[in-house]
Amino acid sequence: ILAGFIYILVHELGHALTARKYGASVHIVLQAFGGYAAYSGKHMSRLQSFLITAAGPAIQIVLGLVAYFALQSLPNLNETGSHFLAMLAVISIFWAVLNLLPVLPLDGGRMLESILGPARFRITLWTTIIVGVGAGMFLLTKSIIFPIILGMSAWQAFQALQENRRF
């Protein structure tokens, strides 16, 4: 649980510190199963939005690698410490990679949205549907929770396409 809390906090700090670098007013909200960094006060360019979004998974991967290399370089660490570092490494890297899938509302979907811009939002939604369904089917062999999350994202994107055909 502590490893999960740390990875969420570090992830959101990545977003928050990058947004603050661009002059935004930032606050972080942590919840039972996640969190988010909200920023206001300045309109961000598409590049700035992309970098703010990418900073969360990037710092999360760095955290996972630091935990992994700490685990490797501390062979005499007790079982509790070893387990904690192993969980921190696995959770951080796995969730960062999952979060980089180009599926809204995940960071990868937000990054794609920043790259393509509002005029091509329909492509972002279709990408969410295709990747969400495909990755969900693949992950169904691993666990039920990931396909549910990705399936919900794909369904939300499909509904957005149906509600507003202008995309």
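The values are calculated or read from the model by the stated rules, or taken from the named source; none is laboratory data. From a predicted model like this one, the values you see are computed outputs, not experimental measurements. As a convention, Cβ positions derive from the backbone with ideal geometry for all residues, glycine included, and neighbour counts pool all protein chains shown.
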Name the residues in the stretch 36-75 that are at pLDDT below 90 and either more than 12 Å from the chain's Cα centre (by Cα) or in a helix (DSSP H, G or I) (or both), would you? Ala38, Tyr39, Ser40, Gly41, Lys42, His43, Pro75
By residue number, the members of the stretch 31-43 that are among the small types (Gly, Ala, Ser) and either within 14 Å of Val10 (Cα to Cα) or in contact (Cβ under 8 Å) with a residue 60 or more places away in the chain (or both) are Gly34, Gly35, Ala37
When both residues are 6+ apart or on different chains and their Cβ atoms are under 9 Å apart, which pairs have a first residue that lies in the stretch 44-68 and is assigned by TED's automatic domain parsing to the domain that holds Ala24 and free of Cβ contacts under 8 Å to residues at least 12 places away in the same chain, and a second that is outside any helix (DSSP H, G or I) and surrounded by fewer than 18 Cβ atoms within 10 Å (Cβ to Cβ)? Ser45/Tyr22
Being outside the structural domain of Met152 (by TED's automatic domain parsing) and among the aliphatic types (A, V, I, L, M) is the requirement here; does Leu112 meet it? no
Filter the stretch 38-70 down to the residues that are under 29 Å from Gly81 (Cα atoms) and among the hydrophobic types (A, V, I, L, M, F, W, C) and list them by number. Ala55, Ala58, Ile59, Ile61, Val62, Leu63, Leu65, Val66, Ala67, Phe69, Ala70
When Leu17 is evaluated against the numbered criteria (1) hydrophobic (A, V, I, L, M, F, W, C); (2) over 16 Å from the mean Cα position of the chain (by Cα); (3) more than 19 Å from Val90 (Cβ to Cβ), which criterion, by number, is the only one it fails? (2)
Contacts under 9 angstrom Cβ, first residue in the stretch 151-165 being in the same structural domain as Glu113 (by TED's automatic domain parsing), partner polar (S, T, N, Q) and modelled with pLDDT of 80 or more, 6 or more apart: Ser153/Thr128; Ala154/Thr128; Gln156/Thr128; Ala157/Thr124; Ala157/Thr127; Ala157/Thr128; Phe158/Thr128; Ala160/Thr128
Over 17 Å from Leu161 (Cβ atoms), touching a Leu at 6+ places or on another chain (Cβ under 8 Å), touching a residue at least 24 places away in the same chain (Cβ under 8 Å) and not hydrophobic (A, V, I, L, M, F, W, C), is that true of Arg110? yes
